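Shown next, in structure tokens, is the structure this report addresses.
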Amino acid sequence: MQTSAENTKYEFVQGCTIKHEGKLLTRIRALRDIEGVCKKGDLGGYLESEKNLAYEGNSWVSNNAHVYDNARVTNNACVSGSACITGSACITGSACVYDSACVYGSAHVYGNACVYGSACVYDSACVSSQGAIFWTSNVGTENGTLTVYLTKDNSLQVIRGCFIGSVDEFLAASKEKHDDRVHNEYQLLIQVARSRIEHSLKEIEKTQ
């Protein structure tokens, strides 16, 4: 895999590859310092191709993070830890995705947003600030992660395990599947998520 002649930010490390979900990903190495992010010569994360990480700006993929398919990391965005960015997802602005977070589909994470922990952002998500997403782990009968985020049409979407859908759809499915205790816990968590996201949006509107 060859890098662009105009590339001054990173190169692919020949022979340093992994297979992930049928994709061949190659580790990158910094060709210049990125202030506060990496030094020239530092190894980064894994990309499928050059289109996954912009040469311009100070965006970077580090640690064991994977970016592939048509996903793209640009501007000053940072992806690290064991994060996975795939599909047509876009991480831009000064956004950060790290830990074991997963962003995929056509999700768009930008501004100063941070997605981390075990959060999962999918489909039509539009996360522009930390307040536009809420997640909590060790919930439900499987002690998994519940993620609630704002979509591009300003509605709330829920991801829990294999479930992806609206708040109403999630609560209806929860009532059908779980006992009263678990269902009530999910209701409370959705209330907290809604409150925090709505408050965050009002605070953003005040500054505009």
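The values are calculated or read from the model by the stated rules, or taken from the named source; none is laboratory data. It should be emphasised that the depicted structure is a prediction, and the values quoted were computed from it without experimental measurement. Note that we place each Cβ from the backbone using ideal geometry, even for glycine, and neighbour counts take in every protein chain shown. To get the accessible areas, we keep the full protein, side chains included, count just its heavy atoms, and leave off ligands, DNA and RNA. Shrake-Rupley method; radii C 1.70, N 1.55, O 1.52, S 1.80 Å.
Within segment 21-44, is even one residue within 23 Å of residue 126 (Cβ to Cβ) and of a type in the set (Ser, Thr, Tyr)? No: segment 21-44 contains no residue that is within 23 Å of residue 126 (Cβ to Cβ) and of a type in the set (Ser, Thr, Tyr).
When each of 201, 188, 171 is tested for being over 24 Å from residue 59 (Cα atoms), in contact (Cβ under 8 Å) with a residue 60 or more places away in the chain, over 14 Å from the mean Cα position of the chain (by Cα) and surrounded by fewer than 17 Cβ atoms within 10 Å (Cβ to Cβ), the lone residue that passes is 201. Answer with yes or no whether residue 65 is surrounded by 15 or more Cβ atoms within 10 Å (Cβ to Cβ), closer than 23 Å to residue 118 by Cβ and without any contact (Cβ under 8 Å) to a residue 40 or more places away in the chain. Judged against the criteria, residue 65 is a match.
For (1) farther than 16 Å from residue 157 by Cα; (2) in contact (Cβ under 8 Å) with a residue 24 or more places away in the chain; (3) open to solvent by 30 Å² or more (accessible area, probe 1.4 Å), each residue gets a yes or a no:
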{"site": "77", "(1), (2), (3)": "yes, yes, no"}
{"site": "82", "(1), (2), (3)": "yes, no, yes"}
{"site": "88", "(1), (2), (3)": "yes, no, yes"}
{"site": "106", "(1), (2), (3)": "no, no, yes"}
{"site": "117", "(1), (2), (3)": "yes, yes, no"}
{"site": "120", "(1), (2), (3)": "no, yes, no"}
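Just to be sure before I move on: is residue 93 open to solvent by less than 30 Å² (accessible area, probe 1.4 Å), without any contact (Cβ under 8 Å) to a residue 40 or more places away in the chain and small (Gly, Ala, Ser) in the structure I sent? Answer is yes for this residue.
Take the conditions (1) without any contact (Cβ under 8 Å) to a residue 12 or more places away in the chain; (2) part of a loop (DSSP other than H, G, I, E, B); residue 142 misses just one of them, which is (1). Taking the conditions (1) open to solvent by 50 Å² or more (accessible area, probe 1.4 Å); (2) at positive phi; (3) not hydrophobic (A, V, I, L, M, F, W, C) in turn, residue 41 satisfies each one other than (1).
Report yes if residue 57 is exposed (fewer than 14 other Cβ atoms within 10 Å of the Cβ) and among the small types (Gly, Ala, Ser), otherwise no. When the stated conditions are applied, residue 57 does not pass them.
When 167, 148 are checked against the criterion of being touching a Leu at 6+ places or on another chain (Cβ under 8 Å) and over 21 Å from residue 87 (Cβ atoms), a single residue qualifies: 167. Restricting attention to segment 88-113, the residues that are more than 13 Å from residue 125 (Cα to Cα) and not aromatic (Phe, Trp, Tyr) total 11. Filtering 162, 126 for residues that are of a type in the set (A, V, I, L, M, F, W, C), at pLDDT below 90 and farther than 20 Å from residue 199 by Cβ leaves a single hit, 162.
Per the listing 132, 113, 193, the residue uniquely without any contact (Cβ under 8 Å) to a residue 24 or more places away in the chain, within 30 Å of residue 59 (Cβ to Cβ), crowded, with 19+ Cβ neighbours inside 10 Å and not hydroxyl-bearing (Ser, Thr, Tyr) is 113.
Pairing residues of segment 46-58 that are under 12 Å from residue 70 (Cα atoms) with residues that are open to solvent by 40 Å² or more (accessible area, probe 1.4 Å), at Cβ distances under 6 Å and at least 6 apart in sequence or on separate chains, gives 48/23.
Has segment 196-203 got any residue that is among the charged types (D, E, K, R), part of a helix (DSSP H, G or I), over 21 Å from residue 96 (Cβ atoms) and at pLDDT below 85? For segment 196-203, residues among the charged types (D, E, K, R), part of a helix (DSSP H, G or I), over 21 Å from residue 96 (Cβ atoms) and at pLDDT below 85: present.
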